[in-house]
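The values are calculated or read from the model by the stated rules, or taken from the named source; none is laboratory data. All of these numbers come straight from a predicted model, not from anything done at the bench. Here the Cβ positions follow ideal geometry from the backbone for every residue, glycine too, while neighbour counts run over all protein chains shown.
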Amino acid sequence: MNLGLLLSVGMGGFVGAILRFSLSSWVVKATTTAFPWGTLFVNVLGSFFIGFLFLYFQHVNLSPTQKALFITGLLGALTTFSTFSLDTVLLLQQELYVKAFSNILLNVLFSIGATFSGMWVFKRLFL
């Protein structure tokens, strides 16, 4: 494995994890409800940017290392599917079934919708 590629992913992951923690904490403080809005927010935001950057990177000359920094590192650490899964399991264990299934539905639909939106925005701006 290429050391430069690994370091690039690691640097992106470092920044993405800090962004995830900061943004998610900010949203949780702003909403003050038992629903995991912070996780939903970072998942949807990350999904939007992965859609946008996926198309953007097809039109610019970046190295695989640079692409990995943003897609695998930054956005991989920003989006929190593992946290989403834990949030859902904890809601189920508390027998908060409506919130658990709402969390599943909202994360999946909004994240997929945000990915499409990111691609749409890119096409409107650059194609």
The listed residue being of a type in the set (A, V, I, L, M, F, W, C), free of Cβ contacts under 8 Å to residues at least 40 places away in the same chain and assigned to a helix (DSSP H, G or I), out of Leu125, Leu106: Leu125
Members of the stretch 47-74 found to be free of Cβ contacts under 8 Å to residues at least 60 places away in the same chain and either touching a helix residue (DSSP H, G or I) at 6+ places or on another chain (Cβ under 8 Å) or assigned to a helix (DSSP H, G or I) (or both), listed by number: Phe57, Pro64, Gln66, Lys67, Phe70, Ile71
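If the requirement is being among the polar types (S, T, N, Q) and within 21 Å of Leu106 (Cβ to Cβ), which of these qualifies: Thr72, Thr83?
Answer to the selection: Thr83.
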Count of residues meeting criterion [among the aromatic types (Phe, Trp, Tyr), surrounded by 15 or more Cβ atoms within 10 Å (Cβ to Cβ) and more than 20 Å from Gly118 (Cα to Cα)] in the stretch 22-51: 2
Flag if Phe116 is within 30 Å of Leu7 (Cα to Cα), aromatic (Phe, Trp, Tyr) and either touching a residue at least 12 places away in the same chain (Cβ under 8 Å) or touching a helix residue (DSSP H, G or I) at 6+ places or on another chain (Cβ under 7 Å) (or both): yes
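Out of Val42, Val27, which single residue is among the β-branched types (Val, Ile, Thr), touching a Gly at 6+ places or on another chain (Cβ under 8 Å) and at pLDDT 95 or above?
Val27
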Selection count, the stretch 109-127, where residues are more than 17 Å from Leu55 (Cβ to Cβ) and loosely packed, with under 13 Cβ neighbours inside 10 Å: 1
Residues of the stretch 75-87 satisfying the condition of being crowded, with 17+ Cβ neighbours inside 10 Å and either more than 11 Å from the chain's Cα centre (by Cα) or assigned to a loop (DSSP other than H, G, I, E, B) (or both): Thr79, Thr80, Asp87
